[in-house]
Ligand SMILES: NC(=O)c1ccc[n+]([C@@H]2O[C@H](COP(=O)([O-])OP(=O)(O)OC[C@H]3O[C@@H](n4cnc5c(N)ncnc54)[C@H](O)[C@@H]3O)[C@@H](O)[C@H]2O)c1
Ligand SMILES: [Zn+2]
């Protein structure tokens, strides 16, 4: 029963983790036990490995990594009604306090008490099994693979972003950044009705993947092309209806209003550890609406439906897959940020 453990910054090991086995011995009435199948490697997992912290979350004790997961139900609690043994599922990794004010207001993702996998001190999911609440476990249709299902977590960020943008049929959008989050956001914006989505990045290989996803995606190389000129040219100088910031780069985030149309919406997705430049004047003359995203709420079933119907295809984003025994090597490769990779996944035995 090995787990992938971040012992401390720069040190990973595959080893037994008796404390977690012990913690999961009992199944509460509304819980299910799941055998983990596939886990995606997220930028945050890699950041804990390379930096030992993300903002206030510091790895002070060994922690199991991973939060983008799919698997199979192997046991159900006495009060579970919607799942049965053998069901293939994906799991939402953040469990809020059901009685908190945020949860009661429908904002459970910003509940300060939320317990999110692989965010210290909460362990992640690169381990053989887990116990999880039925309410945060979602059954998969037969035509959604475990690999696609492990993409539901990042996809949920894009779907939440498109939802908060209130995309309308025929809108145009810009997505800054063609990492996994930028690309799922572009796919979600198209599924929500965008006619055209401009996707920028500095890495041409990422843009080639972006361009291959849909004829409605226009890749723009931020090094060699001028996004604002291209958008102005295509929109008679008006601009796009929505700009999604998905780079996490302060420089890119400082430019979000430039391609935006009057009355448009900016959605901030990329993480910013420090305060950034914000062009309040450019926002004001456009009467821009600005939305912020913190993970997602209430979107996993929608993501599963869109994967099943074909409205969204995430398969081209899964660029590499590793056996669980090669997890440490997988993280070393992910930490080297290979330019032609979007999402790497680990498959458990
Ligand atoms: N708000 C949330 O809930 C949430 C959830 C998940 C991830 N995030 C954040 O979203 C961001 C993106 O996540 P990711 O996993 O895709 O990261 P990533 O690092 O894989 O992707 C970022 C991409 O932006 C590109 N980029 C950097 N500077 C650029 C610039 N000036 N112009 C154009 N492109 C540029 C990079 O080349 C890279 O491909 C990160 O900051 C991450 O922390 C936020
Ligand atoms: Zn993630």
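Considering only Cα atoms, the convex hull volume of the range 211-317 works out to 142 Å³ per residue.
Taking Cα atoms only, the orientation of helix 180-191 departs from the longest principal axis of the chain by about 70 degrees.
Which order do the peptides 104-113, 209-218 take when ranked by the mean count of other beta-carbon atoms within 10 Å per residue, highest first?
209-218, 104-113
Put in order of Cβ neighbour count within 10 Å, fewest first, the listed residues 37, 51 become 51, 37. Taking other C-beta atoms within 10 angstrom as a stand-in for reagent exposure, 148, 332 fall in the order 332, 148, fewest first.
Taking other C-beta atoms within 10 angstrom as a stand-in for reagent exposure, 127, 33 fall in the order 33, 127, fewest first.
Under 8 Å for C-alpha pairs, at least 6 residues apart: give me the relative contact order for the range 166-209, rounded to a whole percent. Let's see the in-between values first.
Working: 62 pairs, mean separation 20.5, N = 44.
Computed value for the range 166-209: 47 percent relative contact order.
Using the average count of surrounding beta-carbon atoms within 10 Å as a protection proxy, the listed peptides 334-343, 188-197 rank, highest first, as 188-197, 334-343. Taking every C-alpha pair closer than 8 Å and separated by at least 6 residues, the mean separation divided by the residue count of the range 158-292 gives a relative contact order of 22 percent.
Extending 7 Å from Cα along the Cβ direction at residue 276 and again at residue 27 yields two label points whose distance is 4.4 nm.
Mean sequence separation of contacting Cα pairs (under 8 Å, at least six apart), scaled by the length of the chain, corresponds to a relative contact order of 17 percent.
Just for the chain, what percent of DSSP beta bridges are antiparallel, to the closest 5? Display every interim value, and only then the final one.
On the way: 35 of 63 bridges.
Restricted to the chain, the bridges split so that about 55 percent are antiparallel.
Read-outs throughout are calculated quantities, based only on the coordinates presented, and are distinct from any laboratory measurement. Values in this document were obtained by computation on a predicted structure and should not be read as measured data. Virtual Cβ from ideal backbone geometry, glycine too; neighbours counted across all protein chains shown.
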